[in-house]
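Here the structure comes first, spelled out in structure tokens, and everything after it is commentary.
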Amino acid sequence: MGRVARAPAQYHLLPLAVSSRFAGIGLVLAATAAALVYQAWHLGMTADEPSHFAAAYQYWLGNDVLRPSDTPPLMRIVSGWVPCLLAAPLRRDTDGWRRRDAYQIGAETFSALDAAHARRLLFLTRLPFLLFPLGVVILVWHWGRTLFGPWVSLVLAVSAALEPTTLGHGALIKSDVAAAFGALLFAWCAWRYWQAPAWHRLPAVLLALVVAVLAKFTLLPLVVFALILVLVKGPRWATLLVPLAVYFGILAAYQFHAAPVEKEELDAFLYAGVPARLLPVATAAARLPWPKQFVRGLLFIGDNLHHEGFPGYMLGRKITGTVPLYFPLAWAVKFPIALQILTLAGLAALAVRLWRRQLRSADLFLWGSAAWFFVTAMFSNFHIGFRHVMPALPFFILGGGLALERWATGRAARWLALLLLLWLALSSLRVYPQGISYFNEWIGGPENGWKYLADSNLDWGQNLPELADYVRQHRIARINLYIFGLDDPGHYLAPRTWFPQRWPGPPHIQPGSRLDPAPGIYAVSFNTLAGFLAPDGYQDYLACFRARRPKGHAGYSIFIYEVE
């Protein structure tokens with residue numbers, strides 16, 4: 001009987017080597033997924049989620065007609081199948097449906113359900129969005145491993161997983177983290193093509209570009225970068241593939257429901273901020289059939305970018321239009337200090353490379369992408385949250401890898417890197433699962449965030465679960481609500497214990513009026529308290545509460561007042 005041949009020792013060790021290689025990132029992904037799942041279950045419905053939920057639902061029902069049309073196509077594709085599968089209630093006899101108002105229709109859908117079913121529907125519709133923050137972590141780890149080696153890449157992956165803004169928004173029905181994933185995926189594929197412009201890498205660039213464009217309307221300029229990439233690296237005739245891939249990707253995303261652009265819509269592009277020199281290109285493109293909702297989405301975003309945009313809040317006052325200091329301030333107070341140190345160290349390492357003429361293509365792709373997304377946001381009119389520069393954040397983290405690679409070779413430097421990681425973990429997990437409201441230690445944490453920024457930096461309507469806990473713990477029999485957002489308080493608070501108060505505005509309340517509150521307990525969201533979202537003449541309607549010391553807080557966004 002012949003002997004069975006034994007495999008060489010290295011083949012026996014191969015599974016162990018592979019498993020050890022991926023064990024670290026596997027643990028990071030598992031922990032991040034668990035944190036995101038809990039967050040998806042715990043957080044109340046944020047202000048924009050009803051609109052995106054309704055748009056995605058109608059998309060899957062083949063009735064994609066709601067407005068505003070700013071829900072990107074990838075959001076519709078990723079999540080709309082969930083309410084279809086669960087047969088979410090759909091009424092067409094409501095005021096919201098008559099107006100085709102996505103916000104109102106989404107709110108009506110959830111209000112038609114009891115608390116348990118509404119919470120389950122929201123939770124399950126959020127779950128597909130976990131793909132994007134997990135994708136960001138994987139890409140940061142993979143690109144970091146390629147550039148800097150295994151241990152630096154793992155530090156960067158943990159940093160990306162713990163970054164509070166990405167984590168806090170990662171389980172929401174929103175496009176911000178998806179945009180960060182799309183931007184990072186495109187940059188990674190573009191860099192690989194730049195390194196070795198082989199045919200088999202071009203489809204990955206085109207696919208990543210389509211994913212990015214479908215993830216966020218404001219990522220459409222990446223088409224220009226893709227054209228430059230292919231034009232420089234060749235073959236030049238392949239530049240034709242870039243617009244073709246984007247065009248057919250958009251058509252496919254809207255199930256090839258398209259029509260020629262109407263003259264009124266084409267004329268509207270002029271008023272939406274399209275430069276005059278690009279109008280011939282827009283006119284030529286308009287001769288092709290385009291999905292109606294995609295055109296309307298572009299017009300909606302373009303109109304807000306060209307005009308005043310959305311009102312924001314900064315350092316105690318309402319802001320509109322272009323405010324270049326908004327995002328630098330947001331970076332200073334909402335980006336963790338540990339990651340600020342890592343980013344600045346990365347910039348220092350970049351300066352050394354530049355001085356010594358040792359720049360690599362990766363330096364250009366990492367820091368060029370970070371600068372593009374951050375600077376363009378600075379000069380936009382969208383100053384309603386740090387989340388709007390989220391595509392830049394993974395590049396800041398990866399850029400910090402340059403410093404870790406250069407200076408963290410000694411034992412002391414490695415200990416310093418681990419201390420920064422521990423500081424990041426303590427800072428981020430201290431506010432978990434309220435990453436939306438995260439502010440760093442420079443200003444004393446989220447407790448003081450309202451002094452600097454508001455809106456989706458602090459108060460996005462997410463804290464009704466915490467308000468319900470506060471009411472139960474303090475045995476409050478009646479509470480008056482001035483709450484921001486479209487979440488239904490009845491899904492959290494017991495019947496006949498909560499009383500919504502009238503929002504300031506015509507015709508029931510006169511301009512310049514100020515509330516004289518009757519004795520009782522009041523829950524006031526900071527966005528309503530600050531008044532920057534109220535119509536002109538009504539910003540100080542709730543000024544009576546600004547001079548009072550809150551009795552308590554529900555989360556970080558709802559202040560509790562007792563009037564005697």
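The values are calculated or read from the model by the stated rules, or taken from the named source; none is laboratory data. Small disclaimer: the values here were computed from a predicted structure and weren't measured. Counting neighbours? That spans all protein chains shown, and the Cβs are built from the backbone with ideal geometry, glycine included. Accessible surface areas use protein heavy atoms only, side chains included; no ligands, DNA or RNA. Shrake-Rupley method; radii C 1.70, N 1.55, O 1.52, S 1.80 Å.
Return the calculated 222 nm mean residue ellipticity for the chain, to the nearest 500 deg cm²/dmol, obtained by summing -39500 (n - 2.57) across DSSP H runs with n ≥ 4 and dividing by the residue count.
After summing the helix terms and dividing by residue count, I get -17500 deg cm²/dmol.
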Exercise for the section: Compute the accessible area per residue over the chain, keeping the other protein chains in place, probe 1.4 Å, unit Å². Expected result: 45
Completion exercise
Measuring from its Cα centre, the chain shows a charge dipole (+1 at each Lys and Arg Cβ, -1 at each Asp and Glu Cβ) which, in debye to the nearest 20, is 1740
Handout entry: Exposure of I228 as accessible area (Å², to 10), given a probe of 1.4 Å and all protein chains
Key = 90
Practice task
Work out from phi, with θ = phi - 60° and the Karplus expression 6.51 cos²θ - 1.76 cosθ + 1.60, the ³J(HN,Hα) of each residue of the range 544-558, listed in order in whole Hz, and give x for Gly and Pro.
Solution key: 4, 7, 5, 8, 9, 8, x, 6, x, 9, 10, x, 10, 10, 10
Practice task
Only Lys, Arg, Asp and Glu count, each charged at its Cβ (+1, +1, -1, -1), so figure out the dipole size of the range 83-218 about its Cα centre, rounded to 20 debye.
Solution key: 220
Fill in the blank from the handout: By the Kirkwood definition, with r running over pairs of different Cα atoms, the range 377-421 has a hydrodynamic radius in Å of 12.6
Handout entry: Along the chain, longest interval not containing exposed trypsin sites (Lys or Arg not before Pro), exposed being DSSP loop plus at most 10 other Cβ atoms within 10 Å
Key = 93-286
Practice task
Return the carbon/sulfur percentage of the accessible area of the range 91-147, one whole number, probe 1.4 Å, all protein chains in place.
Solution key: 56
Completion exercise
dims of the range 343-476, Cα set, principal axes, largest to smallest, nearest Å -> 66, 41, 20
Problem - Proximal lysines to K334, defined as alpha-carbon separation beneath 25 angstrom and excluding residues fewer than eight positions away on the same chain - result: K174, K216, K318, K451
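Where Lys and Arg each count +1 and Asp and Glu each count -1, what net charge lies around M45 among other residues with Cβ under 12 Å from its Cβ?
Values: positive: R119, R126, K174; negative: D48, E49, D487, D488.
That sum, taken over residues with Cβ under 12 Å, equals -1.
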Exercise for the section: Would you mind giving the average projected area, over all directions, of the Cα convex hull of the range 11-132 in nm² with one decimal? Expected result: 9.7
Fill in the blank from the handout: With the dipole of the range 383-497 defined by +1 on each Lys or Arg Cβ and -1 on each Asp or Glu Cβ, the option from F395, L424, P489 whose Cα lies farthest towards the positive pole is L424
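Given a Förster radius of 30 Å and the C-beta distance between L418 and W442 as r, what FRET efficiency does 1/(1 + (r/R0)^6) yield to the nearest 0.05?
Numbers: r = 22 Å, r/R0 = 0.74.
Once the sixth-power term is evaluated, E becomes 0.85.
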Handout entry: Portion, in percent, of the accessible area of the range 332-489 that falls on carbon or sulfur, probe 1.4 Å
Key = 66
Fill in the blank from the handout: Of the residues A371, T146, A204, the Cα lying farthest along the dipole of the chain towards its positive end, which is defined by charges on the beta carbon of Lys, Arg, Asp and Glu, belongs to T146
Handout entry: For the range 397-522, size of Cβ-based charge dipole, Lys and Arg +1, Asp and Glu -1, in debye
Key = 260
Exercise for the section: Tally up the carbon and sulfur contribution to the accessible surface of the range 149-250 as a whole percent, 1.4 Å probe, everything protein left in place. Expected result: 77
Practice task
Give the relative contact order (percent, whole number) for the chain; include only Cα pairs under 8 Å separated by 6+ residues.
Solution key: 15
Problem - the range 99-173-the range 31-78 distance, computed between alpha-carbon centres (Å) - result: 11
Problem - DSSP bridge orientation in the range 411-564 - percent antiparallel, rounded to nearest 5 - result: 60
Exercise for the section: Mind jotting down the three principal axis lengths of the range 398-514 based on Cα atoms? Whole angstrom, largest first. Expected result: 67, 35, 21
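Would you mind calculating the relative contact order of the range 377-512 from Cα pairs under 8 angstrom and at least 6 residues apart, reporting the percent as a whole number?
With pairs under 8 Å counted, the relative contact order is 17 percent.
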Fill in the blank from the handout: Rounded to the nearest 10, the angle in degrees between the Cα long axis of helix 292-306 and the longest principal axis of the Cα atoms of the chain comes to 80
Practice task
Could you go through the range 114-128 in sequence order and give the Karplus-derived ³J(HN,Hα) for each residue, using 6.51 cos²θ - 1.76 cosθ + 1.60 with θ = phi - 60°, rounded to whole Hz, and x for Gly and Pro?
Solution key: 6, 4, 5, 6, 5, 5, 5, 5, 5, 4, 5, 6, 6, 4, x
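Suppose R0 equals 51 Å. What FRET efficiency, 1/(1 + (r/R0)^6) with r the Cβ-Cβ distance, do W237 and R21 give to the nearest 0.05?
Efficiency at R0 = 51 Å is approximately 0.80.
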Practice task
Counting only DSSP beta bridges with both residues in the chain, tell me the antiparallel percent, nearest 5.
Solution key: 70
Handout entry: Stretch in the chain that is longest and holds no chymotrypsin sites (Phe, Trp or Tyr not before Pro) that DSSP places in a loop and that have at most 15 other beta carbons within 10 Å
Key = 1-255
Fill in the blank from the handout: Averaged over all viewing directions, the convex hull of the alpha carbons in the chain casts a projected area in nm² of 33.4
